[in-house]
1. Enumerate the helices (runs of 4 or more DSSP H) found wholly within segment 1-105, keeping only those where 2 or more residues are in contact with a helix residue (DSSP H, G or I) (Cβ under 8 Å, 6 or more places away or on another chain) and closer than 18 Å to I131 by Cβ.
2. Restricting to segment 76-134, name every residue that is among the β-branched types (V, I, T) and either touching an Asp or Glu at 6+ places or on another chain (Cβ under 9 Å) or closer than 23 Å to K32 by Cα (or both).
3. If I go through segment 106-134 residue by residue, how many of them are in a helix (DSSP H, G or I) and touching a Ser or Thr at 6+ places or on another chain (Cβ under 6 Å)?
4. Filter segment 17-41 for residues that are over 13 Å from the mean Cα position of the chain (by Cα) and among the aliphatic types (A, V, I, L, M); which is surrounded by the most Cβ atoms within 10 Å (Cβ to Cβ)?
Amino acid sequence: MTNRPNSNVMHIALWIVQSLLAVAFGMAGFMKLLAPINQLAEMGMTFVTEYKETTVRFIGICELLGAIGLILPSALRIKPILTPLAALGIVVIMILAIFQHLSKGEPIVSNIVMIALSAFVAWGRFKLSPIQAR
């Protein structure tokens, strides 16, 4: 953490956003990893019927790893550089999701919000309030 006056506030804000993103992507990842494909389709995840099951499961693994990467490296202070990299990975996932949603005429507001929050974490942990390794 830096010694700037607002760095503690930024540090706390980043932890809050990291935690919220980790919960959202952890839950989404677990669902895509464990739920039957037809159940995911019934829940409104229309893309699951268009891709192989292995692709859907792979997306779930990526989301789950992103959620873990948002928390563990920084919390344990072991390779904390992985946290902003995980946030950038989530940005990539959400950009790809936007293309999928646009091709179906579906709304993308939630994807844009997730991109903004993830980019905030990446920028914050790279520049504003990086966590130092042990």
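1. Those helices (runs of 4 or more DSSP H) span 7-34, 53-76, 82-103.
2. The answer is T83, I90, V91, V92, I93, I95, I98, I108, V109, I112, V113, I115.
3. Counting residues in segment 106-134 that are in a helix (DSSP H, G or I) and touching a Ser or Thr at 6+ places or on another chain (Cβ under 6 Å) gives 1.
4. Only one residue fits best here, namely L40.
Rule-based calculations on the coordinates, nothing more; no lab input. Values in this document were obtained by computation on a predicted structure and should not be read as measured data. Quick reminder, even Gly has a Cβ in these numbers, built from the backbone with ideal geometry, and neighbours come from all protein chains shown.
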